[in-house]
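Written out below as structure tokens is the structure these notes cover.
Where a number appears in this text, it was derived from the coordinates with a stated rule and is not lab data. As the structure is a computational prediction, the values presented were derived from the model and not from experiment. Note: ideal-geometry Cβ built from the backbone for every residue, glycine included; neighbour counts use all protein chains shown.
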Amino acid sequence: MKTKAELVAAVAAASGLAKGNVETVLDAFRGVLQTEVSKGRDVRWPGVGDFQRVKRAATNRKNPFNGEMMAVPERFTVKFVLSHTLKGAVRSGA
């Protein structure tokens, strides 16, 4: 699935819920995820994985356009860690 519409359709078909309801739930999940992770709280989705806010240290990198070194400030990003259940399913191809 490459689009939100495809995901909504697949979840609606699997659950028997209306597409509008599924889209509302997915939007609400995204909102809760964004709020909690931005506050530094981990979000655990059992059977899927964990979303975590992590700090990337400041560093110096080469600018690919002119070759000069440039400072990259420290920043926060989101790390996703697969659950053992999903990792096993992906590895086995199931």
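Quick notes on this one:
- Where GluC sites (Glu not before Pro) fall in DSSP loop in the stretch 1-86, at most 16 other Cβ within 10 Å: Glu68, Glu74
- Low-density loop positions, chymotrypsin sites (Phe, Trp or Tyr not before Pro), the stretch 24-81 - DSSP coil, at most 11 other Cβ in 10 Å: Phe65
- Close Lys-Lys pairs in the chain, where close means Cα under 20 Å and separation is 8 or more or interchain: 6
- When you filter the trypsin sites (Lys or Arg not before Pro) in the stretch 30-94 for DSSP loop state and at most 10 other Cβ atoms inside 10 Å of their Cβ, you are left with Lys39.
- Summing Cβ point charges (Lys, Arg +1; Asp, Glu -1) relative to the Cα centre of the chain gives a dipole of roughly 280 debye.
- Cβ-based charge dipole, the chain, positive-most Cα from Asn21, Thr85, Pro64: Pro64
- Cα-based helix-to-principal-axis angle, 19-38 vs the chain, degrees rounded to 10: 30
- The stretch 12-87: relative contact order as a whole-number percent, Cα under 8 Å and 6+ apart: 25
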